[in-house]
């Protein structure tokens with residue numbers, strides 16, 4: 001058995017996970033402030049319609065038209081990285097720290113971003129966890145995104161992530177023709 005395969009197998013035996021757990025919480029440098037954002041959405045469409053678009057760490061054009069121009073590692077395997085332009089002047093660099101998929105039931109992944117600047121707003125680091133879950137017997141999807149960030153400009157940083165979420169998640173629903181889920185499960 002290859003040494004890295006053995007390490008993954010040993011981690012699985014000890015923790016029940018194929019890769020070691022990496023907390024999403026981030027530590028802000030002196031002078032920077034923590035910020036947190038949580039958005040959730042529910043739509044009348046099966047999970048597979050959403051995960052067909054969002055299921056790749058490397059292909060993230062659905063998220064606020066993000067362009068990835070470099071990757072390392074294997075897609076959807078913790079330790080993989082992606083990078084691209086954050087603005088005209090700067091780039092983003094993100095590392096996948098967790099990925100869990102139960103086809104037809106759930107997709108969840110977390111990544112950490114290195115310090116960058118987005119349209120003049122400095123980010124001293126961030127992490128996001130995205131969750132997509134099948135609900136209502138597979139007829140609908142619940143999704144949420146939790147963002148942790150550090151910035152000296154906390155309100156402006158919050159607005160960047162909030163606007164990104166507002167464009168991205170409803171945008172996917174529009175693309176696949178999924179109406180907002182506003183009540184009881186269909187057929188109940």
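None of the figures in this text is laboratory data; all of them are computed from the coordinates on show. None of the values given here were measured: they were computed from a predicted structure. Here Cβ is always computed from backbone atoms with ideal geometry, including for glycine, and neighbour counts include all displayed protein chains.
Compute the length gained on full extension between residue 61 and residue 163: take 0.36 nm times their separation in residues and subtract their Cα-Cα distance, giving the result in nm to one decimal.
Between residue 61 and residue 163, full extension yields an extra 35.2 nm.
Counting only Cα, what are the radius of gyration and maximum Cα-Cα distance Dmax of region 22-176, in Å?
Every Cα atom of region 22-176 included, Rg and Dmax give 15.2, 48 Å.
What number, rounded to the nearest 500 deg cm²/dmol, is the helix-based mean residue ellipticity at 222 nm of the chain, given -39500 (n - 2.57) per DSSP H run of at least four residues and division by all its residues?
-7500 deg cm²/dmol
Just grab the label-to-label distance for residue 105 and residue 155, each label 7 Å out from Cα along the Cβ direction, in nm (one decimal).
4.5 nm
Give me the extension gain from residue 49 to residue 174: residue separation times 0.36 nm, minus the current Cα-Cα distance, reported in nm with one decimal.
43.8 nm
Give the distance, in whole Å, between the Cα centre of region 75-109 and the Cα centre of region 51-72.
8 Å
Kindly rank 173-186, 35-48 from highest to lowest mean number of other beta carbons found within 10 Å of each residue.
Ranking, from highest mean packing down: 35-48, 173-186.
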